[in-house]
Amino acid sequence: MFRFAGALGCVLVAIIAVLPSLVPFVLLRHNYAFAVRVSNVVSFIVLFGAGHSWGKHTDASPWRTRLLLVAVGVMMVAVAIPLGG
């Protein structure tokens with residue numbers, strides 16, 4: 001029973017993590033290319049906020065952690081764009 005609860009918790013966390021990036025695709029159905037870029041920006045904002053929280057909880061510099069997470073996100077998008085993403 002506890003395994004099922006843990007699995008359900010993991011699925012819920014994954015769904016909640018994806019929702020902010022999914023909203024632009026729902027709102028901008030007719031312009032896919034623009035929705036992808038807006039989704040990227042929303043993801044960067046979420047990473048910025050997560051970096052602050054992560055930095056506070058690990059006693060690291062929240063600003064440094066924010067910028068590190070956003071930089072990793074930007075690098076991933078920079079790699080994905082030439083590959084068709």
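Numbers at a glance
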{"quantity": "Extreme residue, nearest to residue 17 (Cα to Cα), among residues of the range 52-72 that are without any contact (Cβ under 8 Å) to a residue 12 or more places away in the chain and hydroxyl-bearing (Ser, Thr, Tyr)", "calculated": "53"}
{"quantity": "Residue check, residue 18 part of a helix (DSSP H, G or I), of a type in the set (A, V, I, L, M, F, W, C) and touching a helix residue (DSSP H, G or I) at 6+ places or on another chain (Cβ under 6 Å)", "calculated": "no"}
{"quantity": "Residue satisfying condition, being more than 17 Å from the chain's Cα centre (by Cα) and hydrophobic (A, V, I, L, M, F, W, C), within set 71, 50, 33", "calculated": "33"}
{"quantity": "In the range 16-45, the residues that are touching a Gly at 6+ places or on another chain (Cβ under 9 Å) and hydrophobic (A, V, I, L, M, F, W, C)", "calculated": "36, 44"}
{"quantity": "Failed item in (1) touching a helix residue (DSSP H, G or I) at 6+ places or on another chain (Cβ under 6 Å); (2) of a type in the set (Gly, Ala, Ser); (3) not in a helix (DSSP H, G or I), with residue 60 passing the rest", "calculated": "(1)"}
{"quantity": "Residues of the range 52-62 that turn out to be surrounded by 12 or more Cβ atoms within 10 Å (Cβ to Cβ) and either aromatic (Phe, Trp, Tyr) or on the phi > 0 side of the Ramachandran plot (or both), as a count", "calculated": "1"}
{"quantity": "Selected residue (criterion: surrounded by the fewest Cβ atoms within 10 Å (Cβ to Cβ)) from residues of the range 73-85 that are part of a helix (DSSP H, G or I) and touching a residue at least 24 places away in the same chain (Cβ under 8 Å)", "calculated": "74"}
{"quantity": "Filtered residues of the range 15-27 (kept if surrounded by fewer than 13 Cβ atoms within 10 Å (Cβ to Cβ) and β-branched (Val, Ile, Thr))", "calculated": "15, 16, 18, 26"}
{"quantity": "Long-range neighbours under 9 Å by Cβ, at least six apart or interchain, first residue surrounded by fewer than 13 Cβ atoms within 10 Å (Cβ to Cβ) within the range 28-51, second part of a loop (DSSP other than H, G, I, E, B) and acidic (Asp, Glu)", "calculated": "none"}
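Readers should treat all values here as calculations from the given coordinates under stated rules, not as data from a laboratory. Just so it is clear, the structure is predicted and the values come from calculations on it, not from any experiment. In this analysis, Cβ positions are derived from the backbone assuming ideal geometry, glycine residues included, and neighbour counts consider all displayed protein chains.
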